[in-house]
Amino acid sequence: MRNRITSVLIGLGVLGGTLVAGSGSAQGHGYADNVVSRQQLCATGVVQNCGQIQWEPESVEGYKGFPSAGPADGKICAGGNGRFSELDAPRNGAWPTTQLGSGQSHTFSWWIKVRHATSDFRYYITKDGYDPTKPLTRADLEPQPFLTVPFGGARPATKVTHTGTLPRKTGRHLILGVWTVADTQNAFYACSDVKF
């Protein structure tokens, strides 16, 4: 009898451990770290009160096809994912900015946790007159990306860099990085607040 009770308790312990291990957050995939993205600012604690994104900076995944499809206006920075809505909150325009040189060469980088087959990486920037105190919409962005890096279905390394020329801008802007996955219906989104 004692051995049967011990076996049941051990079995429950294994089952409980499996449930705990299986009930964690979703595995993430990748995020922009240069220019510093909002999710990275939250993950490193530079920005507080970020909700779940502080533990999953690589999980800002939503439907691909941006700008004709993908996340709705006002939900772009979180990839349309309500769990990470803090990324869409403009915080009165108080997101920390990265200083950039207008028209200068810049090397962008992403940390990739899960190396998906990739269509491309695209970088969009806000139009002149952008208001950082409001959630990001498509109307805020220039209609075409200023940098597109095709991947043709290849899998990126765990650290990806692309060098391109920044647009000629002044003042405060937002750069939206979109990593489009080739073999799923999704893409990863990263908003970076910048100042020229």
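Name the residues in the stretch 70-85 that are surrounded by 22 or more Cβ atoms within 10 Å (Cβ to Cβ), of a type outside the set (Gly, Ala, Ser) and farther than 14 Å from Leu141 by Cβ, would you?
Phe84
Pairs needed: first member in the stretch 128-139, under 17 Å from Pro67 (Cα atoms) and charged (D, E, K, R); second member anywhere, assigned to a helix (DSSP H, G or I) and at pLDDT 95 or above; C-beta distance under 7 Å; at least 6 residues apart or different chains.
No pair meets every condition.
Just one of (1) closer than 25 Å to Leu166 by Cα; (2) assigned to a helix (DSSP H, G or I); (3) modelled with pLDDT under 90 trips up Asp33, so point out which.
(2)
Taking strands (runs of 3 or more DSSP E) that fall entirely within the stretch 146-186, which contain at least 1 residues that are exposed (fewer than 13 other Cβ atoms within 10 Å of the Cβ)?
147-150, 159-165
Do we find that Val60 is of a type in the set (A, V, I, L, M, F, W, C), buried (at least 19 other Cβ atoms within 10 Å of the Cβ), modelled with pLDDT of 65 or more and closer than 23 Å to Thr184 by Cβ in this structure?
Against the criterion (of a type in the set (A, V, I, L, M, F, W, C), buried (at least 19 other Cβ atoms within 10 Å of the Cβ), modelled with pLDDT of 65 or more and closer than 23 Å to Thr184 by Cβ), Val60 qualifies.
Looking only at the stretch 91-105, which residues are under 18 Å from the mean Cα position of the chain (by Cα) and not in a strand (DSSP E or B)?
Within the stretch 91-105, Arg91, Trp95, Pro96, Thr97 qualify.
The values are calculated or read from the model by the stated rules, or taken from the named source; none is laboratory data. None of the values given here were measured: they were computed from a predicted structure. Please note: Cβ atoms are built from the backbone with ideal geometry, for glycine as well, and neighbour counts cover all protein chains shown.
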